[in-house]
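Input: a single structure, listed below in structure tokens.
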Amino acid sequence: MKTFIFGLVFLGFTNLTAAQEVIASVNYDKSSFKSELTTPVKNSEYLSNFDTKNVSEVISDFQKYVANYDLANAKVYTSEDPSIYHISFSEGNNRVEATYNQEGALISCIEKYENVRLPLTISSKIARQYPDWEFNKVNCTIKYVKNSDAIIAYEVAIKKDSKRKTVKYTL
């Protein structure tokens, strides 16, 4: 019986020592990191089409990634043949279908984002037009073609009790 009790006590101490593992926690704060571009952005014309007030940070970050995409590192890239490349980007429910030329310049793209933050100008218009309604879902579609203005369309699903509506805004 003594060995049984001694065994239980020993197992209890073993459990306590296993609970003393060190766990490190890292908090990522985007505002504490400042990135500096050492090379010019290849597709700066694409980025200059968008006012940061009209798109959320998620969209803006994704657009920067698409603009800085290095086509020369893609597996399908060949420098011998003049070609057009269709590249698909996705992150969660957000998708971008981009078309690049041989030099890596962005020719066009169609962007679809789900559940993004609505710009303040649009959300205040909807709030005034539909008081006591709540925002249910916000989708954004952006169409860009080189040498023309981008079309930004928001589709906002709102609801009040059992009523549901979809409101569309184009910028």
- Message: Suppose the filter is surrounded by 14 or more Cβ atoms within 10 Å (Cβ to Cβ), out of contact with any helix residue (DSSP H, G or I) (no Cβ under 7 Å at 6 or more places or on another chain) and of a type in the set (Val, Ile, Thr); does Ile110 pass it?
- Response: yes
- With the condition kept exactly as written, say whether any residue in the stretch 50-67 is under 17 Å from Ser148 (Cβ atoms) and either without any contact (Cβ under 8 Å) to a residue 24 or more places away in the chain or more than 19 Å from the chain's Cα centre (by Cα) (or both). yes
- Does Tyr100 fit the bill of being touching a helix residue (DSSP H, G or I) at 6+ places or on another chain (Cβ under 7 Å) and under 14 Å from Lys146 (Cα atoms)? yes
- Could you tell me whether the stretch 123-136 includes any residue that is under 17 Å from the mean Cα position of the chain (by Cα) and surrounded by 14 or more Cβ atoms within 10 Å (Cβ to Cβ)? no
- Message: Just checking, does the stretch 73-91 include any residue being surrounded by fewer than 17 Cβ atoms within 10 Å (Cβ to Cβ), in contact with a helix residue (DSSP H, G or I) (Cβ under 8 Å, 6 or more places away or on another chain), part of a strand (DSSP E or B) and among the charged types (D, E, K, R)?
- Response: yes
- Residue that is nearest to Val167 (Cα to Cα) [pool: residues in the stretch 130-150 that are at pLDDT 95 or above and among the aliphatic types (A, V, I, L, M)]: Val138
- Go over the candidates Val156, Val138, Val167 one by one and state the one that is touching a Leu at 6+ places or on another chain (Cβ under 6 Å) and β-branched (Val, Ile, Thr). Val138
- Test: Thr170 is loosely packed, with under 14 Cβ neighbours inside 10 Å, without any contact (Cβ under 8 Å) to a residue 60 or more places away in the chain, under 28 Å from Lys64 (Cβ atoms) and touching a strand residue (DSSP E or B) at 6+ places or on another chain (Cβ under 9 Å): yes
- Item | Filter result (of a type in the set (D, E, K, R) and over 9 Å from Gln102 (Cα atoms)) within the stretch 64-92 | Lys64, Asp70, Lys75, Glu80, Glu91
- Task: Could you list all residues from the stretch 139-153 that are over 13 Å from Pro119 (Cβ atoms) and in a strand (DSSP E or B)?
- Result: Asn139, Thr141, Lys143, Tyr144, Val145, Ile151
- Query: Any chance the stretch 52-65 includes a residue that's modelled with pLDDT under 90, loosely packed, with under 15 Cβ neighbours inside 10 Å and of a type in the set (S, T, N, Q)?
  - Reply: yes
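The values are calculated or read from the model by the stated rules, or taken from the named source; none is laboratory data. Values in this document were obtained by computation on a predicted structure and should not be read as measured data. Cβ sites come from the backbone with ideal geometry, for glycine too, and all protein chains shown count toward neighbours.
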